[in-house]
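We did not get these values from a lab; they are worked out from the coordinates using the rules stated. Everything quoted here is computed from the prediction, not taken from an experiment. Positions of Cβ are generated from backbone atoms using ideal geometry, with glycine treated the same way; all protein chains shown enter the neighbour counts.
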Amino acid sequence: MRTQRQVVDYSLQKRAVLRELLAGRVGTYDVCDASPYLKNAARFHGEPTDRRCPICRSENLTLVHYIYGDELKQSAGQARTLAELPVLAMTLREFQVFVVEVCLGCDWNHLVEQYLLGRDGLTGDSDGTNEQNAAGAEGAGRRRREAQR
Ligand SMILES: [Zn+2]
C-alpha cells in the first residue's frame, strides 16, 4: 500500500515461539488460544492465505487486520478487510494496523506485523504542496515589497 510506513515485522518472535514449542518449553495449549472474537474476525473480515498453519498443518492461515487510532473513534480496535484499508488510508491522516495470523483449525494465532497507514504517508503529494506554499509566500513577499516602493 502506498502510504504504508513504520513497518514492524514480528516473524523473528514467531519463529522463537515455534522453537520453544518444538523444544517442549511451551505447550500447544499456550500458543493455540485464539479468542472467539479473533476467530469471528478471521471468519468475517479475514484474508485467506495459502500458507499452512505451522502447528496443525491441516488448515491454511487467515490474516486479520486490526485498526487503531484516534481518528477512527468508535471503530478503533475493529477488524477490517484488506480491501477496506486503502479507502481508510485515503480518508484518514494516520492509523495503526496490526496483522494477526489465525488458524481456524487449531486456534494458533500470532502477531505478524504492524504498520502505519494514512494520508500523512503521501510524501510526494505533501512535498508538492510545500513547494507551492513556499513559492506562493515568496511571490506574496515580492508583491509586498513592490507595493512598498
Ligand atoms: Zn492450526
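Structure values in brief
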item	result
Charge context of residue 76, other residues only, Cβ under 15 angstrom, K/R +1, D/E -1	-1
Normalised convex hull volume, region 1-96, alpha-carbon set, Å³ per residue	127 Å³
